[in-house]
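Asker: Let me give you the structure first, and then I'll get to my questions.
The values are calculated or read from the model by the stated rules, or taken from the named source; none is laboratory data. A quick note: this is a predicted structure, and the numbers were derived from the prediction, not measured. Cβ coordinates were reconstructed from backbone atoms using ideal geometry, including for glycine residues, and neighbour counts include every protein chain displayed. Surface accessibility is based on the protein's heavy atoms, side chains included, excluding ligands, DNA and RNA. Shrake-Rupley method; radii C 1.70, N 1.55, O 1.52, S 1.80 Å.
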Amino acid sequence: MQLEAKEMTAIKDLQTQEKSCIEKYRKYAQEAKDPELRSLFGRLEQMEQKHYDSLGKVLQGQVPQSDCNDSHGEQYQPKATYSASEDSEDKQRDAFLATDGISTEKLVSSEYNTNVFVFADACIRKLLADIQIEEQNHAEMLFKYKQANGMA
């Protein structure tokens, strides 16, 4: 499989987005006060690393398998740490981190939605669609965390 220059640029741009997510979630895992949120950011970092690695394989001429049936968001049920009425500094800080994570996931999901149409290869389009679904599920997980902790 030989990528066109436009396709190569799109993959590299998506890798830049994924690298940013990896770094952000690593940093946020260290900054979060709630152990549940720290754990969630750690999981998200690992998933974003998987995306980055999958894109790297495409650049090497391989297209990893995708199932387009991710259910991490649907299955995620966070434990509540904060009460709805609590207004502590820790809760405010964690709410900011979770909200920023949702904004990031919206942006990255949008990038996949746009870039999927650059590719002629159906297997690459399927991979990018699968990653987009996973990005949406990451946002859902962060939103469920906010809901469980009276932040939404």
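Asker: Just to be sure I understand, how many residues within the range 103-140 are of a type outside the set (S, T, N, Q), surrounded by 18 or more Cβ atoms within 10 Å (Cβ to Cβ) and under 20 Å from E23 (Cβ atoms)?
Answerer: Within the range 103-140, residues that are of a type outside the set (S, T, N, Q), surrounded by 18 or more Cβ atoms within 10 Å (Cβ to Cβ) and under 20 Å from E23 (Cβ atoms) number 9.
Asker: A further question on this structure: Hey, among I124, I102, I131, which residue is modelled with pLDDT of 95 or more, of a type in the set (A, V, I, L, M, F, W, C) and over 24 Å from A5 (Cα atoms)?
Answerer: That would be I102, the only listed residue that is modelled with pLDDT of 95 or more, of a type in the set (A, V, I, L, M, F, W, C) and over 24 Å from A5 (Cα atoms).
Asker: Can you say whether S71 is open to solvent by 30 Å² or more (accessible area, probe 1.4 Å), within 13 Å of M141 (Cβ to Cβ) and among the hydroxyl-bearing types (S, T, Y), as far as the supplied structure shows? Don't jump to the end; show me each part of the working.
Answerer: Details: open to solvent by 30 Å² or more (accessible area, probe 1.4 Å): yes; within 13 Å of M141 (Cβ to Cβ): yes; among the hydroxyl-bearing types (S, T, Y): yes.
Here the answer is yes, as S71 does meet what is asked.
Asker: State whether the residues of the range 23-30 include one that is of a type in the set (K, R), in a helix (DSSP H, G or I) and out of contact with any helix residue (DSSP H, G or I) (no Cβ under 7 Å at 6 or more places or on another chain).
Answerer: Within the range 23-30, one or more residues are of a type in the set (K, R), in a helix (DSSP H, G or I) and out of contact with any helix residue (DSSP H, G or I) (no Cβ under 7 Å at 6 or more places or on another chain).
Asker: Between a residue in the range 55-68 that is on the phi > 0 side of the Ramachandran plot and any residue that is part of a loop (DSSP other than H, G, I, E, B) and open to solvent by less than 50 Å² (accessible area, probe 1.4 Å), which pairs come within a Cβ distance under 9 Å, given they are 6 or more apart or on different chains?
Answerer: Close Cβ pairs satisfying both conditions: G61/L3.
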